[in-house]
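Peer 1: Quick one: the structure is below, questions incoming.
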Amino acid sequence: MSATAAATATATHTPLPVLGRDVLVPLVTGGEVDYAALDYAASAPALQRVWDDIAAYAPYYGSVHRGAGYLSQLSTDLFENSRKEVAAFLGCRPDDQVVFTRATTDSLNLLAAALPQGTRVFVFETEHHASLLPWQQRDGIEVGYLSAPRSPRQAVETLERALAAWRADDQEADTGAGAALVCVTGASNVTGELWPVRELAEVAHAHGARIVLDAAQLAPHHPVDIAALDVDWVAFSGHKLYAPFGAGVLAGRADWLRAARPYLAGGGASRKVALSVREGVGGVEVEWHTTEARHEAGSPNVIGAYAIASACKALTEAGFESLVARERRLIAKVREGLAEVDEVRVLSLFGDDAPRVGVISFVVEGWNSSHFAAALSAEYGIGVRDGLFCAHPLVRTLLGGEPGEAGECGAPETAPGERSLNAIRVSFGAGTPDEHVERFVGAVKELVRDGAKWSYRTEDGRCVPDRG
């Protein structure tokens with residue numbers, strides 16, 4: 001084997017170093033085990049590289065855009081260079097802006113606030129609440145909710161029909177061409193399935209609409225290229241991209257952002273402020289920035305921005321080709337293991353053959369999902385997620401009914417033939433060791449076969465081990 005081939009093989013089979021890899025947690029049955037963090041879709045652990053970069057910078061932390069001192073100048077350069085690093089990671093166009101926010105939710109709310117009056121927004125009912133809810137908070141914005149597609153092709157066809165009807169209504173009303181925005185996820189936070197982003201962008205642009213990509217679950221697993229996908233904006237969160245330091249990104253077209261009122265009013269967003277008083281009545285005249293600063297009022301989260309830039313650089317250097325190949329192997333291992341358990345039903349919109357990232361949700365016949373997740377944690381040291389995953393309409397569709405609160409902990413959530421109320425989600429990524437997914441598959445099989453070894457009770461709506 002050549003040196004290059006050997007390096008590729010090693011990269012394909014070795015997880016990236018992350019914090020918490022060697023953390024030991026106690027088991028209710030006695031002893032300790034290293035914690036298997038399999039809830040990456042909620043918050044991924046910090047890459048060791050990111051932590052090291054932040055630790056090296058921390059002594060030099062200073063105010064951004066606000067001082068002539070050395071540390072302030074250094075921090076300002078670091079902040080602006082982080083913006084350039086993120087732009088390169090996303091393949092931004094020359095005129096695109098990269099705005100640092102708090103998370104994907106914040107990014108999409110910022111964009112919602114920047115929409116021109118009368119904009120029609122189209123969003124699939126299968127979206128995460130972060131991309132489902134912000135639009136209806138704006139007066140003068142109409143929202144069209146699109147039904148859940150059962151294939152990528154159906155998603156494209158559904159959007160095509162909706163946009164064609166919208167344009168026809170505009171022409172019939174003779175009101176002129178209004179603005180329209182399509183919001184779509186890149187990878188589902190429930191099923192992990194990849195959406196046909198490029199094809200949806202083509203349809204949107206053919207009808208004069210713009211499109212924003214919720215890349216919260218896509219960016220940590222696959223390359224995201226704004227120009228190649230031909231999307232107008234991309235939103236994602238640092239805490240899902242191995243940079244959990246309170247920052248997110250909205251990147252894309254500048255015109256609507258420049259024309260909108262600042263997302264927050266305050267220092268940093270304003271270029272010049274003048275106070276005028278006439279006959280005892282005061283007024284303020286403000287000239288706002290037209291750069292990214294327009295929507296970054298207040299002291300910027302320089303550490304959060306630098307952490308995201310560090311993660312972008314680390315993932316790029318690791319090579320998405322090898323990262324994707326390794327993750328596909330882990331996905332296959334989990335799916336094949338779950339398929340061997342008759343009581344397990346994996347949730348999917350597009351079917352078993354659909355390409356996906358490392359996010360898999362399922363239900364177990366006869367089990368309360370909270371009980372199952374609690375047993376995985378308490379008896380095996382495995383952290384997963386149970387519930388509705390901030391995507392209630394999608395989970396409702398996948399479960400075939402109305403999700404709701406589960407009953408008492410330990411009580412079967414479903415009897416044979418009945419529908420489940422909630423689901424269990426396992427998710428993983430670049431930092432996940434093979435052993436963790438192998439332990440998870442083994443634990444699922446053992447729990448279904450033998451039942452829980454411990455008794456559990458409900459406490460504050462959560463299932464927890466009963467410690468007497």
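A short reminder: the numbers here are calculations on the coordinates, not readings from a lab. These numbers were taken from a predicted model, which means no experiment stands behind them. In this analysis, Cβ positions are derived from the backbone assuming ideal geometry, glycine residues included, and neighbour counts consider all displayed protein chains.
Peer 1: Residue-wise, which Karplus ³J(HN,Hα) couplings in Hz belong to the range 446-452, taking 6.51 cos²θ - 1.76 cosθ + 1.60, θ = phi - 60°, and x for glycine or proline?
Peer 2: For the range 446-452, the Karplus curve yields 5, 5, 5, 6, 10, x, 6 Hz.
Peer 1: Shifting gears a bit: With charges only on Cβ, +1 for K and R and -1 for D and E, what is the dipole size of the range 51-316 about its Cα centre, in debye, rounded to 20?
Peer 2: 520
Peer 1: Size of the dipole of the chain about the Cα centre, Lys and Arg at +1 and Asp and Glu at -1 on the beta carbon, nothing else charged, in debye to 20?
Peer 2: 800
Peer 1: While we're on this one: Could you list Trp51, Trp135 in order of exposure, starting from the residue whose Cβ has the fewest other Cβ atoms within 10 Å?
Peer 2: Trp51, Trp135
Peer 1: At 37 °C and 0.692 mPa s, what whole-number value in µm²/s does Stokes-Einstein give for the translational diffusion of the range 233-317, with Rh from the Kirkwood sum over Cα pairs?
Peer 2: D, rounded to a whole number, is 220 µm²/s.
Peer 1: Now a separate question. With the Cα gyration tensor of the range 51-316 giving a ≥ b ≥ c as the square roots of its eigenvalues, does the rule (a/c under 1.5 for rounded; else a/b larger than b/c for prolate; else oblate) give rounded, prolate or oblate?
Peer 2: oblate
Peer 1: Rank the residues Thr126, Thr119 as a footprinting-exposure proxy: fewest other Cβ atoms within 10 Å of their Cβ go first.
Peer 2: Thr119, Thr126
Peer 1: Please report how many Lys pairs in the chain have alpha carbons closer than 27 angstrom, counting only residues at least 8 apart along the chain or sitting on separate chains.
Peer 2: Taking the chain as the scope, the lysine pair count is 8.
Peer 1: Expressed as a whole number of Å, what is the distance separating the alpha-carbon centroids of the range 312-344 and the range 121-172?
Peer 2: Their Cα centres are 31 Å away from one another.
Peer 1: For the range 280-327, compute the orientation-averaged projected area of the C-alpha convex hull (one quarter of its surface), in nm².
Peer 2: Convex hull of Cα atoms, orientation-averaged projection: 5.9 nm².
Peer 1: Next question, about the same structure. To the nearest 20 Debye, how big is the dipole of the range 59-208 about its Cα centre, given +1 on the beta carbon of each Lys and Arg and -1 on that of each Asp and Glu?
Peer 2: With Lys and Arg at +1 and Asp and Glu at -1, about 420 debye.
Peer 1: Same structure again: If we count other beta carbons within 10 Å of each Cβ, what is the order of Val277, Val359, fewest first?
Peer 2: Ranking Val277, Val359 by Cβ neighbours within 10 Å, fewest first, gives Val277, Val359.
Peer 1: Going by alpha carbons, how many degrees (0 to 90, nearest 10) lie between the helix axis of 320-339 and the longest principal axis of the chain?
Peer 2: For helix 320-339, the angle is close to 40 degrees.
Peer 1: Among Phe124, Val50, Pro393, which residue has its Cα furthest toward the positive end of the charge dipole of the chain, with +1 on Lys/Arg Cβ and -1 on Asp/Glu Cβ?
Peer 2: Going by the charge dipole, the pick is Val50.
Peer 1: For the range 64-167, just the Cα set please: Rg and Dmax, both in angstrom.
Peer 2: 18.7, 58
Peer 1: Report the antiparallel proportion of the DSSP beta bridges in the range 51-316 as a percent, rounded to a multiple of 5.
Peer 2: Percent antiparallel among DSSP bridges in the range 51-316 is about 55.
Peer 1: Please compute the Cα-Cα pair-distance distribution of the range 49-116 with 10 Å bins starting at 0, giving whole percents from short to long.
Peer 2: 18, 36, 36, 10, 0
Peer 1: Compute the helix-to-body angle for 3-13: its Cα long axis versus the longest principal axis of the chain, expressed 0 to 90° and rounded to tens.
Peer 2: 80
Peer 1: For the range 51-316, build the charge dipole from Cβ charges (+1 Lys, Arg; -1 Asp, Glu) around the Cα centre, then report which of Trp166, Gly192, Tyr61 sits farthest towards its positive end.
Peer 2: Most positive-ward Cα: Tyr61.
Peer 1: Let me ask something additional. Report, in deg cm²/dmol and to the nearest 500, the calculated mean residue ellipticity at 222 nm for the chain, where each DSSP H run with n ≥ 4 adds -39500 (n - 2.57) and the sum is divided by the residue count.
Peer 2: Per the formula, -11500 deg cm²/dmol.
Peer 1: Contact order normalised by length for the chain, with contacts defined as Cα pairs under 8 Å and 6 or more residues apart; what percent is it?
Peer 2: Once normalised by length, the contact order is 21 percent.
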